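Below is one structure; the comments refer to it alone.
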Amino acid sequence: MCFKTMDPKELLLNPITTLGEEWPLITAGSKEGGFNTMTISWGHIGSLWGTGGTRPTFIAYVRPHRHTHEFTQASDMFTISVLPSDFKDALAYLGRVSGRDEDKVAKVGLTPVFEQGTTYFAEAKLVFICRKLYQAPIVEEGFVDRELMAKVYPERDYHTMYVGEIVSILAR
Ligand SMILES: Cc1cc2nc3c(=O)[nH]c(=O)nc-3n(C[C@H](O)[C@H](O)[C@H](O)COP(=O)(O)O)c2cc1C
């Protein structure tokens, strides 16, 4: 494992494909208190709430019944690990099976790294370490497009939105 810390201003990626096609892992928790991870493809990388400059931020969305939700709720930090393309099967597995039912991380052979009060994976090519700034559920009243709401949330299990300040970016 050899990561170097990157200046957020030097980050070169396409957020649409990084999220929508590479499927990062969101992870929260620690070695002491336990952790969980799951695959995501919805989110945003950008800048929010900076005064007099940029404040790099990652926004993630986690449905309340995910096991990961317990950890993202309870933790001050979360991480986003982007893995190389040969981990696609592992990412599909981590996005299908719940950590509530088995040790899915061990099953796919990923190596957790416990650092900065949170957890990420040694196999990642890029890691965003985030400090939670804001968490709140998506609300029904907010939907301008009611058809979209009905389609995405037939069971009204609105995602919790987490805005995290990107405090470090680790890259290979
Ligand atoms: C490609 C892909 C993208 C996903 N994106 C999200 C997402 O953005 N938010 C979410 O709540 N669930 C998402 N999921 C579903 C969770 O990853 C899945 O339910 C997972 O098994 C939850 O694991 P857990 O119960 O251990 O937290 C996605 C699944 C896949 C396969």
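The values are calculated or read from the model by the stated rules, or taken from the named source; none is laboratory data. Just so it is clear, the model here is predicted, and its values are computed rather than measured. Neighbour counts are summed over all protein chains in view; Cβ atoms, including those assigned to glycine, are modelled from backbone coordinates with ideal geometry.
Count of the range 146-166 residues, restricted to those that are surrounded by 14 or more Cβ atoms within 10 Å (Cβ to Cβ) and either of a type in the set (K, R) or in a strand (DSSP E or B) (or both), is 7.
Just to be sure I understand, how many residues within the range 98-113 are under 16 Å from the mean Cα position of the chain (by Cα), over 22 Å from C2 (Cβ atoms) and of a type outside the set (S, T, N, Q)? Of the residues in that region, 1 qualify. In this structure, F3 does not satisfy being buried (at least 16 other Cβ atoms within 10 Å of the Cβ) and in contact with a Cys (Cβ under 9 Å, 6 or more places away or on another chain). Residue-level check: of (1) more than 8 Å from the ligand (Cβ to nearest atom); (2) surrounded by fewer than 16 Cβ atoms within 10 Å (Cβ to Cβ); (3) under 20 Å from D157 (Cα atoms); (4) touching a residue at least 60 places away in the same chain (Cβ under 8 Å), A74 misses just (4). With respect to (1) more than 22 Å from C2 (Cβ to Cβ); (2) at pLDDT below 95, the lone exception for Q116 is condition (1).
Applying the criterion of being touching a residue at least 12 places away in the same chain (Cβ under 8 Å) and among the hydrophobic types (A, V, I, L, M, F, W, C) to the residues of the range 149-172, the residue that is nearest to W42 (Cα to Cα) is M161. Just one of the numbered conditions (1) under 18 Å from F128 (Cα atoms); (2) in contact with a Lys or Arg (Cβ under 9 Å, 6 or more places away or on another chain); (3) surrounded by 19 or more Cβ atoms within 10 Å (Cβ to Cβ); (4) not small (G, A, S) is not true of L48: (3).
Check the range 82-98 and report whether any residue there is closer than 15 Å to H159 by Cβ and more than 11 Å from the ligand (Cβ to nearest atom). Looking for residues that are closer than 15 Å to H159 by Cβ and more than 11 Å from the ligand (Cβ to nearest atom), one finds none in the range 82-98, hence no. Just one of the numbered conditions (1) of a type in the set (G, A, S); (2) within 17 Å of K31 (Cα to Cα); (3) more than 14 Å from the ligand (Cβ to nearest atom) is not true of A150: (2).
Evaluating I80 against the criteria (1) touching a Pro at 6+ places or on another chain (Cβ under 8 Å); (2) surrounded by fewer than 20 Cβ atoms within 10 Å (Cβ to Cβ); (3) of a type in the set (A, V, I, L, M) leaves one unmet condition, (2).
Hey, among the residues in the range 56-69 that are part of a helix (DSSP H, G or I) and surrounded by 17 or more Cβ atoms within 10 Å (Cβ to Cβ), which one's farthest from the ligand (Cβ to nearest atom)? Filtering first and then ranking leaves H69.
The residues of the range 105-135 that are touching a residue at least 40 places away in the same chain (Cβ under 8 Å) and in a helix (DSSP H, G or I) amount to a single one, V105.
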